[in-house]
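Structure record follows, encoded as structure tokens.
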Amino acid sequence: MSSKENLPSKPTKRRYIVLMSVLALVVLGWSAVWFFGRSFLHEQLNSQMSQMAAQGLEVSCADLEINGFPFRYEVSCRQMTSADRSGTAAKLGGLNAVALIYNPTHVIFEAGAPAVMDVPLSGMSGDMTWETARASMKFGSGALGKLDAVVEKPEAVLNNPVSAGSFAAEKAELHVRQSEGDADFFEGFLSVDALQLRSLPALQDALDLRAHLQIPGGHLSWQERTFPGWYNPTGVSCRSSLLCSMQAWGIAG
């Protein structure tokens, strides 16, 4: 067999060249789309922060980056800070947001601890830490359609000029859904597992909370309540009454 018989035919070579050319065009086109989207997203973020600044709220990041090429957009903001004209200030350890380039209406957020707040006019301040804090948000028609947020092992300390308090929990979850029958109606479900209040009077046992939130209307209905035995300064049993527990803590009259 001659050496010429071992060489691929010209049509095969041509198809290979065409295939590689098409592939190169697709890669170049996809890259151009991604980098254009990245530039647009960066401009939108700067525009939003400029609008907030014009309204008196300064928001900044120590290092704003957009990565994720080729299939995602990953926005990272380290040491996010905010301050308004009244002097109220807040800090967040970091905030990351991720969305697929072909599904930009579904965004995953992750917040880094700690979160610190200071309100000089009222003398209130607080800080909060957690193990993980993540949220999934889905948008439709320019509005929020679904929200799922989970915070693992949150701990917080709140202070004001006359008192201080702290709490910790194993997990806190918030789920919000847009009603199928009414686009302007939302339902939310809040749960807090193993809540420990460390203020005075302190809870001896952990507390589980379940809440059902309906919007609009501002109606908050507590579907489940678990109040283990704990010290009640009012002398009234509060194992199943949210109002009674608020009275015991001096929140309600």
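The values are calculated or read from the model by the stated rules, or taken from the named source; none is laboratory data. All of these numbers come straight from a predicted model, not from anything done at the bench. Cβ sites come from the backbone with ideal geometry, for glycine too, and all protein chains shown count toward neighbours. Ligands, DNA and RNA are stripped out before the accessible areas are found, and what is left, the full protein with its side chains, is counted by its heavy atoms. Shrake-Rupley method; radii C 1.70, N 1.55, O 1.52, S 1.80 Å.
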Inset, instruction - Kindly indicate whether any position in the stretch 159-173 is under 20 Å from Phe139 (Cβ atoms), open to solvent by less than 60 Å² (accessible area, probe 1.4 Å) and assigned to a strand (DSSP E or B). - result: no
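Results for (1) at pLDDT 95 or above; (2) in a loop (DSSP other than H, G, I, E, B); (3) among the basic types (Lys, Arg), shown as yes or no for each residue.
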{"residue": "Met49", "(1), (2), (3)": "no, no, no"}
{"residue": "Ile66", "(1), (2), (3)": "yes, no, no"}
{"residue": "Glu74", "(1), (2), (3)": "yes, no, no"}
{"residue": "Gly87", "(1), (2), (3)": "no, yes, no"}
{"residue": "Asn96", "(1), (2), (3)": "yes, no, no"}
{"residue": "Thr105", "(1), (2), (3)": "no, no, no"}
{"residue": "Glu110", "(1), (2), (3)": "yes, no, no"}
{"residue": "Asp148", "(1), (2), (3)": "yes, no, no"}
Inset, instruction - May I ask you to verify whether Val150 is farther than 26 Å from His212 by Cα, surrounded by 15 or more Cβ atoms within 10 Å (Cβ to Cβ) and among the hydrophobic types (A, V, I, L, M, F, W, C)? - result: no
Legend entry - Test for Ala53: is it under 18 Å from Glu110 (Cα atoms) and open to solvent by less than 70 Å² (accessible area, probe 1.4 Å): no
Legend entry - Selection count, the stretch 84-106, where residues are over 22 Å from Ser31 (Cα atoms) and surrounded by 13 or more Cβ atoms within 10 Å (Cβ to Cβ): 10
Inset, instruction - Kindly list, by first and then second residue, each pair from a residue in the stretch 132-146 that is outside any strand (DSSP E or B) to a residue that is loosely packed, with under 14 Cβ neighbours inside 10 Å, limited to pairs with Cβ atoms under 9 Å and residues at least 6 apart or on different chains. - result: Ser141/Ala183
Inset, instruction - Please find, among Phe185, Phe139, the residue that is open to solvent by less than 60 Å² (accessible area, probe 1.4 Å), under 27 Å from Ile215 (Cα atoms) and modelled with pLDDT under 95. - result: Phe185
Inset, instruction - Please list, ordered by first then second residue, the pairs with beta carbon atoms under 7 Å, 6 or more apart or interchain, first in the stretch 16-35 and at positive phi, second of a type in the set (Phe, Trp, Tyr) and in a helix (DSSP H, G or I). - result: none
